[in-house]
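Heads up, the thing below is written out as structure tokens.
The values are calculated or read from the model by the stated rules, or taken from the named source; none is laboratory data. Please read all numbers here as calculations on a predicted model, not as lab measurements. Here the Cβ is made from the backbone with ideal geometry for all residues, glycine too, and neighbour counts use every protein chain on show.
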């Protein structure tokens, strides 16, 4: 095939088109002007103008997580790139496929402290899966295609391509994706058969088995989630999901124990602690999941399935570590389980379920909704009930509201739950919702947020207005950085240092100033009406709900404690302060 | 081996010789708090632009496994090999050792250099620069002996290593 010679910017655009990209989230600036000029001249790729580069990355993350495709970001050099760093780190921690194009000063100025120059590849090296600086036009097309390959295969993650301005202008040869071979990065997807057989024998011999599944299942795709569901039902094993894994298994199913971890359910954590065989699928034994490692599930044999070798034996040593794509491995597990006619001893499994039912009987998520003051959990529950018949996507910010949403909104399908899990980025919710709504214009997209988190990317209201994105933002407003306040109450003698939200804006006026509807709700009696009205409005809405400012998020495993030492909260045991100096130093 | 026991490992890493690859490896070690005792790097195959990094590190078995897994998943990394685990290997280091002395000490330094098969590669009336090649332990021993004899400066290359016999990376 004859080589096509294009300008650098044309090569970038053509590569995006050939990679199936439909939308780019970005913000222009000096170094990327040639690219923006090219965007102006075409209509194959839609550009969504955000109001801050951090939001561009979160929007791309929301887009990626709700579609399973790669999210694409375009920002300028210097501050454009440094503003994107939080989003990139967020995507790295949560394994979200993102390709971020950053402008750079012309190659002859690199290293000269030029205007809006930053060492972007240096700065983003630890917060990307991989990054590139393109200094040779001949390598531009290859780099573009390789970036998409790296971002989306294996354990997904963010990839930065730093593009000096002269490279965007100079002529460059174009290569089709099929003409690019990947020399080093070819991750293993198929699991080792011997190990899979061994793992299934272990599971079949279990008396107290549990499946512990995470975001890896969702990243592997809807098919993987389907196979997981079939496998779980076939074996009759209880299943718990991580914060990142919510939706991988239907929350309404009776085999589902709820989320595990620091704010997980009593039954999930107790079952993790007391199980004898644990199968971890696409989950990485995060410290928010395990609690104190010294006491983590002491009596169990552990199997871990992960596409990333480095996730295996990182925090918790496992007996069988299977490297492979969880979708492939689960398919093999299904086949072999059936072929070998494995079955877990019914008597043992029944008595395990009896034990679990006992823990379920604690009703650890229960709360009492008084007549007037609105309990934050109630808002989540009511909105869940009112959106059951709609295709609904949920994003959150970070803090108490995030945990309440995870606990009380039952997710039935994968890709409908977007939250900042690993990095815990306040300000994630609204831009992520924006990205989700761009991908699913007709769906209901709800952002649960707090009065503190919402302020962190509030400028994105303008983006919602500009593109008529009907995102419904629900502020659980307790006038505190609630999770900070909760820790201060429990660990720091109720000294609420700097956690009160002084001088909050009037969110109704603020919404109106941005050109859309703002609403408030202060009384439990009005809640359903307010939520219904919000859902019916054809456009963006911010609903500011005044919730109980004393409410704490329970259950809770305090830092440094094992799974079986959960705090259950006022409804079951009464509030308790944690009197421990060790607790103060832990995160 | 006990899970908490810290042991030393020599790890060879074959990488694409491209800008920033060393920063990726070093950044991984510093970012995750791993220890680097020695690190050497040079291109070993010009036609395929591949460099070999030899890194000597220490940690518990779990940490060593992590280091290898983390190195393996870097995009420009082709191969990671733990020479300490894969069988016997040869480890060599070169050092240049400057000794400034006169009289009996000067003569003694020359005698010891002879025992260690170190070569004098530079000499003045009051100084020698010795070149010594060997295992890191041999070089340590040599330097220790030179200390009371006027040792003034040392430059070491770090370890280059390769497995013995027919085994390759």
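Details
Here is a yes/no grid of residues against (1) part of a strand (DSSP E or B); (2) within 15 Å of residue B:142 (Cβ to Cβ); (3) within 14 Å of another protein chain (Cβ to nearest Cβ):
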residue	(1), (2), (3)
B:69	no, no, yes
B:74	no, no, yes
B:90	yes, no, no
B:98	yes, yes, no
B:105	no, no, no
B:114	no, yes, no
B:117	no, yes, no
B:122	yes, no, no
B:129	yes, yes, no
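- Test result for residue A:28, assigned to a loop (DSSP other than H, G, I, E, B), in contact (Cβ under 8 Å) with a residue 40 or more places away in the chain, over 22 Å from the mean Cα position of the chain (by Cα) and more than 25 Å from residue A:152 (Cβ to Cβ): yes
- Conditions (1) assigned to a helix (DSSP H, G or I); (2) within 20 Å of residue A:209 (Cβ to Cβ); (3) within 14 Å of another protein chain (Cβ to nearest Cβ): number failed by residue A:294: (2)
- Yes/no for residue B:53 being within 20 Å of the chain's Cα centre (by Cα), within 14 Å of another protein chain (Cβ to nearest Cβ) and crowded, with 18+ Cβ neighbours inside 10 Å: no
- A residue that is touching a helix residue (DSSP H, G or I) at 6+ places or on another chain (Cβ under 8 Å), in contact (Cβ under 8 Å) with a residue 24 or more places away in the chain and within 14 Å of chain B (Cβ to nearest Cβ) can be found somewhere in the stretch A:297-305.
- Candidates A:502, A:551: the one that is in a loop (DSSP other than H, G, I, E, B) and loosely packed, with under 15 Cβ neighbours inside 10 Å is A:502.
- Of the residues making up the stretch A:244-272, those that are under 14 Å from residue A:414 (Cβ atoms) and part of a helix (DSSP H, G or I) number 2.
- Residue list for the stretch A:451-475, restricted to those being over 20 Å from the mean Cα position of the chain (by Cα) and crowded, with 23+ Cβ neighbours inside 10 Å: A:451, A:461, A:463, A:464
- Among the residues making up the stretch B:1-43, those that are away from chain A (no Cβ under 13 Å) and part of a strand (DSSP E or B) are B:7, B:8, B:9, B:10, B:11, B:12, B:38, B:39, B:40, B:41, B:42, B:43.
- Condition check for residue A:95: under 23 Å from residue A:8 (Cα atoms), buried (at least 18 other Cβ atoms within 10 Å of the Cβ) and in contact (Cβ under 8 Å) with a residue 40 or more places away in the chain: no
- Test: residue in the stretch B:25-47 that is touching a residue at least 24 places away in the same chain (Cβ under 8 Å) and buried (at least 20 other Cβ atoms within 10 Å of the Cβ): yes
- Being surrounded by fewer than 18 Cβ atoms within 10 Å (Cβ to Cβ), assigned by TED's automatic domain parsing to the domain that holds residue A:230 and either in a helix (DSSP H, G or I) or in contact with a strand residue (DSSP E or B) (Cβ under 9 Å, 6 or more places away or on another chain) (or both) holds for only one residue in A:332, A:350, and it is A:350.
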